[in-house]
Protein chains: 2
Amino acid sequence: MMNFKQFKKKYQLKDSELFAEFYDLFEETIDIKNRNIAVDKLAIIINATFKLSASQSFSNMSLRQLSDETQISMGGLYAYIKNKQQLSLYIHQFLNHFAENIMIQVDISDDYQTLENTIKSHIYLSEIMQPWFFFAFMESKNLNKEQKKYAIQSELMMENKIMQAISKGQELKIYSNTLSPKTMATHIKPLLHDWYLKRWKYKQRKINIEEFCFSVMAFLNHGISLPHTLNE
Amino acid sequence: MMNFKQFKKKYQLKDSELFAEFYDLFEETIDIKNRNIAVDKLAIIINATFKLSASQSFSNMSLRQLSDETQISMGGLYAYIKNKQQLSLYIHQFLNHFAENIMIQVDISDDYQTLENTIKSHIYLSEIMQPWFFFAFMESKNLNKEQKKYAIQSELMMENKIMQAISKGQELKIYSNTLSPKTMATHIKPLLHDWYLKRWKYKQRKINIEEFCFSVMAFLNHGISLPHTLNE
DNA sequence: GTCAATATCGAACGAACGTTCGATATTTAT
DNA sequence: ATAAATATCGAACGTTCGTTCGATATTGAC
């Protein structure tokens, strides 16, 4: 399993690359024909959406604010998005697309390492795509059922991967079977969310991502109990 | 430490009692003079607010919807609330008031039990006040700094109680000191949130509140590792 | 340099919002 | 029974919202 530095080098794209993928994914619903122009402006629009949605909520962000922030007129915006709701859906869907592509590459060859690999990959991924994860988490509750189906696929995939890793581990007597894999996965998920939901808190406390991973794994392995009880 | 049945009997109030407390707390800012009328209508208004805010968000709930749901006219509503923002603040502040009163009673006489008592009390409390907790969690991000100060006092008190219990436990070598009390508290909090944020999920899986408490404590004590390693 | 294609603009529209307020209904006190 | 106090009503006001669209500016092809 690579560390964050290696992960970042392999997967983190520049805006010009990231939003080129974005444009290609939604090309047929975007009015702008010129790929270079579209990629630049999409980066501006989506990043402004993140900024404005973070300080209020997406539904409280008005398209006039977005127009001000991006320096693109109201009519201009509508060349890039079909409507406001679609803008939110684009973000969910692209994150889903991007995340699935990465999580599918997690190394599951070693049963003793699968869970840690999965968890670290998720944390690393949520770091390089922090605004996306933050947005998706905050706004997912405002999606209707049909939209949710398309938006949180990777979220479910993630949960499944954790469950399977635990399930296999329980079979091999690596992990406790006091709790079901589903219950354990349920308890683990919010630990991971904390990294991208409360990033400022960890920055302020000067806890870097590797320390955070260690912390999560330590808690996950022993809870609050004293570790290595056998050796004492 | 009592179980949930005992807790419920001791602390769960009927609407007529709960909103009487509510009315008394905010009496001077409510136009209605008749206490009985006010208590009845406040129960209707607040409960309708919970219902409408759950299916959308509070800021997406319009006062016209609230008027429809409560069968109280627009003008009528404004006899009970100063404005829409105040309604949200009332809910935060009352929950704060109510929660603090209960959490202050948690038994901390036995260092080996303090953490479990605190956690169970919080879970029990969040059960009998579920809509309040759900609302407060979802809407707290929309409060400005000044409002937050008044609204999340009990939340911080809760976190402090957990930290202190762990800190004391570390001193007494009950708990591992691999992680700081603050970090552990940070990891524990979302475990507790899950109960009131995803209640339908636990209902569906037929996990009752005592089972949930056991599950949280089990995870918290051993993580995913095999328990009782010494005895094997 | 011209013309067609593309990109951008911002005023305008109807709908929905929070809030107000004078009119009306109901309750309470005498 | 009457008057004063209290509670309720809903139309109306000014704003802001998402969205549209004809006009204008910019770009690319020949």
Looking only at the range B:83-116, which residues are closer than 20 Å to B:SER57 by Cα and part of a loop (DSSP other than H, G, I, E, B)?
B:ASN83
Return yes or no: is A:LEU156 in contact with a His (Cβ under 7 Å, 6 or more places away or on another chain) and either within 14 Å of chain B (Cβ to nearest Cβ) or at pLDDT below 95 (or both)?
no
Please indicate, with yes or no, whether at least one residue in the range B:55-66 is outside any loop (DSSP other than H, G, I, E, B), within 14 Å of chain A (Cβ to nearest Cβ), modelled with pLDDT under 95 and within 16 Å of DNA strand C (Cβ to nearest atom).
yes
If we keep only residues of the range B:162-179 that are over 18 Å from B:VAL216 (Cα atoms) and of a type in the set (S, T, N, Q), then the residue nearest to the other protein chains (Cβ to nearest Cβ) is B:THR178
Within the range A:180-232, track down each residue that is among the polar types (S, T, N, Q), in a helix (DSSP H, G or I) and either more than 9 Å from chain B (Cβ to nearest Cβ) or touching a Pro at 6+ places or on another chain (Cβ under 9 Å) (or both).
A:GLN204, A:ASN221, A:ASN231
Exactly one condition in (1) farther than 20 Å from B:LYS120 by Cβ; (2) out of contact with any helix residue (DSSP H, G or I) (no Cβ under 7 Å at 6 or more places or on another chain) is false for B:GLN164; which is it?
(1)
A:ILE44 - would you say it is part of a loop (DSSP other than H, G, I, E, B) and over 16 Å from the mean Cα position of the chain (by Cα)?
no
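Which residue out of A:LEU52, A:LEU42, A:LEU125 is in contact with a helix residue (DSSP H, G or I) (Cβ under 6 Å, 6 or more places away or on another chain) and in contact (Cβ under 8 Å) with a residue 40 or more places away in the chain?
Step by step, each of A:LEU52, A:LEU42, A:LEU125 is checked, and only A:LEU125 is in contact with a helix residue (DSSP H, G or I) (Cβ under 6 Å, 6 or more places away or on another chain) and in contact (Cβ under 8 Å) with a residue 40 or more places away in the chain.
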Criterion (within 13 Å of DNA strand D (Cβ to nearest atom), more than 14 Å from chain B (Cβ to nearest Cβ) and either at pLDDT 95 or above or within 17 Å of the chain's Cα centre (by Cα) (or both)) met by exactly one of A:GLU27, A:GLU69
A:GLU69
Of the numbered conditions (1) farther than 22 Å from A:LEU18 by Cβ; (2) at pLDDT below 95; (3) open to solvent by 20 Å² or more (accessible area, probe 1.4 Å), A:GLN170 fails exactly one; give the number of that condition.
(2)
How many of the residues making up the range A:73-119 are within 16 Å of DNA strand C (Cβ to nearest atom) and either more than 22 Å from the chain's Cα centre (by Cα) or buried (at least 19 other Cβ atoms within 10 Å of the Cβ) (or both)?
12
Quick check, is A:ASP24 within 23 Å of A:LEU125 (Cα to Cα), assigned to a helix (DSSP H, G or I), open to solvent by 60 Å² or more (accessible area, probe 1.4 Å) and of a type outside the set (Phe, Trp, Tyr)?
yes
A:SER16 versus (1) within 12 Å of DNA strand D (Cβ to nearest atom); (2) polar (S, T, N, Q); (3) not in a loop (DSSP other than H, G, I, E, B): which is the lone unmet condition?
(1)
Would you say A:GLU127 is at pLDDT below 95, in a helix (DSSP H, G or I), away from DNA strand C (no atom under 16 Å from the Cβ) and not hydroxyl-bearing (Ser, Thr, Tyr)?
no
Can you name every residue in the range A:187-209 that is surrounded by 19 or more Cβ atoms within 10 Å (Cβ to Cβ) and touching a residue at least 12 places away in the same chain (Cβ under 8 Å)?
A:ILE188, A:LEU191, A:LEU192, A:TRP195, A:TYR196, A:ILE209
Residues (within 14 Å of chain A (Cβ to nearest Cβ) and either open to solvent by 10 Å² or more (accessible area, probe 1.4 Å) or of a type in the set (Gly, Ala, Ser) (or both)) located in the range B:120-134
B:PHE134
Of the residues A:LEU42, A:LEU52, only one is within 18 Å of B:SER57 (Cβ to Cβ) and more than 10 Å from DNA strand D (Cβ to nearest atom); which?
A:LEU52
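The values are calculated or read from the model by the stated rules, or taken from the named source; none is laboratory data. If you're wondering where the values come from, they're calculated on a predicted model, not measured in any experiment. A quick note on method: Cβ atoms are made from the backbone with ideal geometry, for glycine too, and the neighbour counts reach across all protein chains shown. Ligands, DNA and RNA are excluded from the accessible area calculation, which covers all protein heavy atoms including side chains. Shrake-Rupley method; radii C 1.70, N 1.55, O 1.52, S 1.80 Å.
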